[in-house]
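Engineer: Pasting in a structure now, in structure tokens, and then I'll have a few things to ask.
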Amino acid sequence: ITVEEKTASVTYSSKGSVLINEEKQEADSLDVVEQEYNQIVVPKGKYTHLTLSDGSTVHINSGTRVVYPRVFSGNHREIYVEGEVCLNVTKNEKLPFVVKTTSFEVEVLGTTFNVSAYKNDRNNEVVLVNGSVRLSDRNKNKIELKPDQLAAINNGKIGAVKKVEAVDYIAWTDGLLILQSEPLSNVFKKLERFYGVTIDVSPEASQLKMRGKVDLKQSLDDLIILISSTAPIVWAKTDTGYSIYKKER
């Protein structure tokens, strides 16, 4: 399934039938339903809300791919993620829920947490909102997270764990970015994904940091104007997108 609309809702029943934006899909019009595993690809500039067959919900951010079974079976529930998702997992102690990525996996029984695992990001992150999760990396190192903890994964290895305001990390599901001294390189990378455009940031501007709340319901032009009013940057539209530079004194 490839998302074409700006926002989309995909819902699976316990028997595997699927609704896309509340419209039932016939098996012969959606070949992927006949397969054991389905895949959703959310391009940059798009967003999708997925309800799995067990009732677990997945907010899928821009530039993300999720692979999942049409109906969960066996002794566990498992999905694969490349990108960013926020999950609210239906509790079932007999069927642990596992989220796999290329560099780590997260096992839960029932909880809300955020996974950021974009392929080209240097650091991946897992943030726990409530409940508990067990995180394991490529080397089989394991840790358990508590609510309001963030674990960083670098090159497939679990790194530092720190205390955070977890709700800030899932604000994107409500169309907001909450920034705490975030480098502009990271800020514009997130905006690039969300709006589906190319944003080139100069090395000097990349190191500047920003704190505050960004409303993703605004146009990108308005957002960049707002950022340039609080940070010493100048910007210009290009044939491919936008260019951001540090303002010279």
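Since every read-out is calculated from the coordinates, none of them should be taken as a lab result. Given the structure is predicted, the values throughout are model-derived calculations rather than measurements. With ideal geometry, Cβ positions are generated from the backbone for all residues, glycine too; neighbour counts draw on all protein chains shown.
Engineer: Would you kindly state how much longer the chain becomes between residue 237 and residue 157 on full extension, computed as 0.36 nm times their sequence separation minus their alpha carbon distance, in nm to one decimal? Intermediate values should be presented prior to the final figure.
Structural biologist: Values: separation 80, 0.36 × 80 = 28.80 nm, distance 3.85 nm.
Additional length available on full extension: 25.0 nm.
Engineer: To continue, here is another question. Give the order of 59, 49 when sorted by the count of other beta carbons within 10 angstrom, beginning with the fewest.
Structural biologist: Arranged by neighbour count, lowest to highest, 59, 49 become 49, 59.
Engineer: Starting from the Cα gyration tensor of the chain, take the square roots of the eigenvalues, sort them a ≥ b ≥ c, and report rounded, prolate or oblate (rounded when a/c is under 1.5, otherwise prolate if a/b is larger than b/c, else oblate).
Structural biologist: On the way: a/c = 2.28, a/b = 1.44, b/c = 1.59.
It comes out oblate by the Cα gyration axes.
Engineer: Do any of 100/209; 100/157; 190/217; 142/162; 217/247; 15/100 go past 21 Å between their Cα atoms, and which? All intermediate terms of the calculation are to be shown ahead of the outcome.
Structural biologist: Numbers: 100/209 32 Å; 100/157 14 Å; 190/217 14 Å; 142/162 16 Å; 217/247 27 Å; 15/100 24 Å.
From 100/209; 100/157; 190/217; 142/162; 217/247; 15/100, over 21 Å: 100/209; 217/247; 15/100.
Engineer: I would also like to ask the following. Rounded to the nearest 500, what is the chain's calculated 222 nm mean residue ellipticity when only DSSP H runs of at least 4 contribute -39500 (n - 2.57) each, over all residues? Mind dumping the intermediate values first?
Structural biologist: Working: 4 runs with 31 residues, N = 249.
About -3500 deg cm²/dmol.
Engineer: Nearest 10 degrees is fine. How inclined is helix 220-230 to the longest principal axis of the chain, computing both from alpha carbons?
Structural biologist: So the helix axis and the longest Cα principal axis differ by about 50 degrees.
Engineer: Taking the number of other C-beta atoms within 10 Å as the exposure measure, put 204, 192 in order starting with the fewest. Mind dumping the intermediate values first?
Structural biologist: On the way: 204 15, 192 21.
Fewest-to-most Cβ neighbours within 10 Å comes out as 204, 192.
Engineer: Let me ask something additional. If I fit a long axis through the Cα atoms of helix 184-195 and take the longest principal axis of the Cα atoms of the chain, what angle between them do I get, 0 to 90°, rounded to 10?
Structural biologist: Computed tilt is about 50 degrees.
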